[in-house]
Amino acid sequence: MQLLEERIKKDGQVLGEDVLKVDNFLNHQVDPDLMAAMGEEFYRLFKDAHITKILTVESSGIAPAVLTGLAFHVPVVFARKHKSLTLQDNMYSATVYSYTKKVNNHISISKKFIDENDRVLVIDDFLANGQAVEGLLEIIEQANAQLEGVGIVIEKTFQKGRELLDARGIHVESLARIAAFENGEVVFVEDHQ
Ligand code: 5GP
């Protein structure tokens, strides 16, 4: 998505080897016009999938997920993160390992908000090693809901998340695909030699 790639070029900051900071428009300050355009784009990509619910993880997935929910006119549910795993009867839960922070987080969604009649689109801000998305997929399985696809704002193709999801035959669409960081600059897949 050209608008997003231009914004990443303008405002994204490469940190170290493999982290992109986008707190100017996505992860801290949020650009609602850009979120709305992304929501429309996800709608275009998944409109034939009869989506009934959007799922994401707090907190950075919420902005793009809500604007996607607006485009589909379906509810948006965000999984809550906890430090410790406290299993509760009324919640579906999964453990998510964060490679960036080197900690386990536990995520959960109330059984009230997802069930076997749901056809789910997962939305997240980044696809890196795929652990956050896999945690959501675990919850979708526990609920016996149907996964229709995964929509990602920024995919880092050099990390292993996409491979994991492709291996499971999941329909994944990313609005910006980063091939590499070279000398502190972002190189997108289509520009990559
Ligand atoms: P995963 O490794 O599970 O695919 O990514 C987990 C989460 O870490 C993402 O949902 C995102 O919130 C965060 N994350 C991963 N890579 C980056 C990055 O390069 N920049 C930012 N800002 N967040 C990232």
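Output the peptides 84-90, 53-59 sorted from most to least packed, where packing is the average of other Cβ atoms within 10 Å over each peptide's residues. List each step's numbers first, then the result.
On the way: 84-90: 8.7, 53-59: 22.4.
Sorting 84-90, 53-59 by mean packing, highest first, produces 53-59, 84-90.
Taking +1 at the Cβ of each Lys and Arg and -1 at the Cβ of each Asp and Glu, which of MET91, ALA71, ASN183 sits farthest along the dipole of the chain towards its positive end, judged by Cα position relative to the Cα centre?
Looking along the dipole axis, the top candidate is MET91.
Out of every Cα pair in the chain, what percent are spaced more than 24 Å from each other?
Working: 6720 of 18528 pairs.
Pairs farther apart than 24 Å: 36 percent.
HN-Hα J couplings of the stretch 95-110 from phi, Karplus 6.51/-1.76/1.60, θ = phi - 60°, integer Hz, Gly and Pro as x?
After applying 6.51 cos²θ - 1.76 cosθ + 1.60, I find 9, 10, 8, 9, 5, 5, 9, 6, 9, 8, 10, 10, 10, 8, 9, 5 Hz.
Write down the Kirkwood hydrodynamic radius of the stretch 1-69, to one decimal in angstroms, obtained as one divided by the mean of 1/r over all alpha carbon pairs. Provide the component values of the computation, followed by the final result.
Values: mean 1/r = 0.0767 Å⁻¹.
Result for the stretch 1-69, one decimal place: 13.0 Å.
Around VAL22, with a cut-off of 15 angstrom between Cβ atoms, what is the net charge of the other residues, counting Lys and Arg +1 and Asp and Glu -1? Mind dumping the intermediate values first?
Numbers: positive: ARG7, LYS9, LYS10, LYS21, LYS156, ARG177; negative: GLU5, GLU6, ASP11, ASP18, ASP23, ASP31, ASP124, ASP125, GLU155, GLU185.
Net charge in that neighbourhood comes out at -4.
May I ask you to derive the relative contact order of the chain, considering only C-alpha pairs under 8 Å and at least 6 residues apart, and to give it as an integer percent? Mind dumping the intermediate values first?
Numbers: 377 pairs, mean separation 35.2, N = 193.
It comes to 18 percent, rounded to a whole number.
Tell me, what HN-Hα J-couplings in whole Hz come from the Karplus equation 6.51 cos²θ - 1.76 cosθ + 1.60 at θ = phi - 60° for each residue of the stretch 22-35, using x for Gly and Pro?
10, 7, 6, 9, 9, 9, 8, 7, 10, 9, x, 5, 5, 4
For an R0 of 22 angstrom, estimate the FRET efficiency from the Cβ-Cβ distance between TYR99 and LYS21 and round to the nearest 0.05. Mind showing how you got there, number by number?
Working: r = 16 Å, r/R0 = 0.74.
E(calc), rounded to 0.05, equals 0.85.
Skipping prolines and chain starts, which residues have an amide H placed within reach, meaning under 5 Å, of the one on VAL57, given they are 5 or more residues away or on another chain?
Sorted by chain and number, the residues that satisfy this are ALA79.
If you plug each phi of the stretch 41-52 into the Karplus form 6.51 cos²θ - 1.76 cosθ + 1.60 with θ = phi - 60°, what whole-Hz ³J(HN,Hα) values come out, in order, with x for Gly and Pro?
5, 4, 4, 4, 6, 10, 5, 8, 8, 6, 5, 10
None of the figures in this text is laboratory data; all of them are computed from the coordinates on show. This structure is a prediction, so every number in the text was calculated from the model and none was measured. Cβ atoms come from the backbone with ideal geometry, glycine included; neighbour counts cover every protein chain shown.
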